[in-house]
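Below: the structure, in structure tokens.
The values are calculated or read from the model by the stated rules, or taken from the named source; none is laboratory data. Given the structure is predicted, the values throughout are model-derived calculations rather than measurements. A quick note on method: Cβ atoms are made from the backbone with ideal geometry, for glycine too, and the neighbour counts reach across all protein chains shown. All accessible areas refer to the heavy atoms of the entire protein, side chains included, with ligands and DNA or RNA removed. Shrake-Rupley method; radii C 1.70, N 1.55, O 1.52, S 1.80 Å.
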Amino acid sequence: MMKRNYTLLWALLMLSGVNVSAQKRNLSGHKYINPFGVLSLTGGLGIAYYTGDLRDGVNMKHLGLGPSISLGALYRLTEHVSARGELRFYQVSADQKYSKNYQNNLSFRTRNPDLNIGIQAELFSFNNQPKVNPYLFGGLGFTLLNPKAKLDNQWYKLAPLRTEGVKYSRLPLVFTAGIGVSVKTTNRLSLGAELCNNFVNSDYLDDVSTVYPNPDLLPGDLARRLSDRAPEIGEQPRQPGWNRGSAKNKDSYLFLQMRATYLIGNRQQALERKKTRCPKF
């Protein structure tokens, strides 16, 4: 009788183990992994596009596109949601000679870094390991403004010149929102595309916002020349108070990138890989 009871107990334990093992496998047949803490590295390369006071429409011949580069990481919180952080670099530009306000003759170019953190929400769960996974994301960060203009074949920083007679913050907040899709190519590597709009809490990404200042109050001749560039093309100098830009809408920049995501994993996965490399006999 005692032997029979031990046999029955052993059978129940075995069945329990099989049941737990079955529960730790998802619908795709892969072993279940606790998603929390899974780390991935990300990188992106693409183009950047500016919208602001020096652009009054889309001119396909003169888009002012520049490069956009990003490096970052994803830290998974749940099956569908990850914390996201990135360091990014972008260049944008515009020239009013290609716009309806050509008579003002203003232009700029800027090469800026920005730092952004946020949340990424994927359509399909992590443990289902989908081949294609669309996602939405949003975040908050900062960008360092560094607008420049070219005069006599030389580039000048505009912010120190106070071309509108005001000193503006060069480190404004940036609100980010976008959509993307990733395609799994190997167990660790995913490739995809992403469209991201970045709303700057400033109207001075391009150094243009409100009205022409009194030129006598500007710090020097260089500031006066770069504040009002209409005389360069034969136009009359702008009078103080005339519209130089419009403060109604703040500036923004758009990224379209090709993306790569490399799965690092978590401690559980690292231990499993170690066991696979170093089997015990």
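Of all residues in the stretch 180-231, which are of a type in the set (Phe, Trp, Tyr) and open to solvent by 20 Å² or more (accessible area, probe 1.4 Å)? It would help to see each step written out before you state the result.
Taking the stretch 180-231 as the starting set, the residues that turn out to be of a type in the set (Phe, Trp, Tyr) are 199, 204, 212.
Within the stretch 180-231, Phe199, Tyr204 qualify.
Could you please let me know if Phe175 is surrounded by fewer than 19 Cβ atoms within 10 Å (Cβ to Cβ) and at pLDDT 95 or above? Here the answer is yes, as Phe175 does meet what is asked. Would you pick out the residues in the stretch 149-174 that are part of a strand (DSSP E or B) and out of contact with any helix residue (DSSP H, G or I) (no Cβ under 9 Å at 6 or more places or on another chain)? Residues satisfying the conditions are Lys150, Gln154, Trp155, Lys157, Leu173, Val174.
Whenever a residue of the stretch 108-136 is of a type in the set (D, E, K, R), its partners that are in a loop (DSSP other than H, G, I, E, B) and at pLDDT 95 or above, lying with C-beta atoms within less than 6 angstrom and at least six residues away or across chains, give the pairs Glu122/His80. Annotation: of all residues in the stretch 213-245 being touching an Asp or Glu at 6+ places or on another chain (Cβ under 6 Å) and either of a type in the set (D, E, K, R) or touching a residue at least 40 places away in the same chain (Cβ under 8 Å) (or both), the one that is farthest from Asn105 (Cα to Cα) is Pro213. Can you find even one residue in the stretch 121-135 that is charged (D, E, K, R) and either crowded, with 19+ Cβ neighbours inside 10 Å or part of a strand (DSSP E or B) (or both)? Yes, there is a match, as at least one residue in the stretch 121-135 is charged (D, E, K, R) and either crowded, with 19+ Cβ neighbours inside 10 Å or part of a strand (DSSP E or B) (or both). Screening Pro147, Pro172 for residues that are farther than 30 Å from Val38 by Cα and out of contact with any Asp or Glu (no Cβ under 7 Å at 6 or more places or on another chain) leaves exactly one candidate, Pro172. Filtered by the rule that a residue be open to solvent by 20 Å² or more (accessible area, probe 1.4 Å), in a strand (DSSP E or B) and either free of Cβ contacts under 8 Å to residues at least 24 places away in the same chain or among the hydroxyl-bearing types (Ser, Thr, Tyr) (or both), the stretch 47-63 gives Tyr49, Thr51. The residues in the stretch 64-90 that are under 19 Å from Asp251 (Cα atoms), part of a strand (DSSP E or B) and open to solvent by 40 Å² or more (accessible area, probe 1.4 Å) can be counted, and the count is 2.
Given the condition over 16 Å from the mean Cα position of the chain (by Cα) and modelled with pLDDT of 95 or more, answer yes or no: does some residue in the stretch 137-144 qualify? No, that holds for no residue.
Looking at Ala247, Ala260, just one residue is within 28 Å of Thr51 (Cβ to Cβ), open to solvent by less than 80 Å² (accessible area, probe 1.4 Å) and at pLDDT below 95, and that residue is Ala247.
On the given criteria, is Lys157 open to solvent by 30 Å² or more (accessible area, probe 1.4 Å), in contact (Cβ under 8 Å) with a residue 40 or more places away in the chain and in contact with a Pro (Cβ under 9 Å, 6 or more places away or on another chain)? Spelling it out, it is not the case that Lys157 is open to solvent by 30 Å² or more (accessible area, probe 1.4 Å), in contact (Cβ under 8 Å) with a residue 40 or more places away in the chain and in contact with a Pro (Cβ under 9 Å, 6 or more places away or on another chain).
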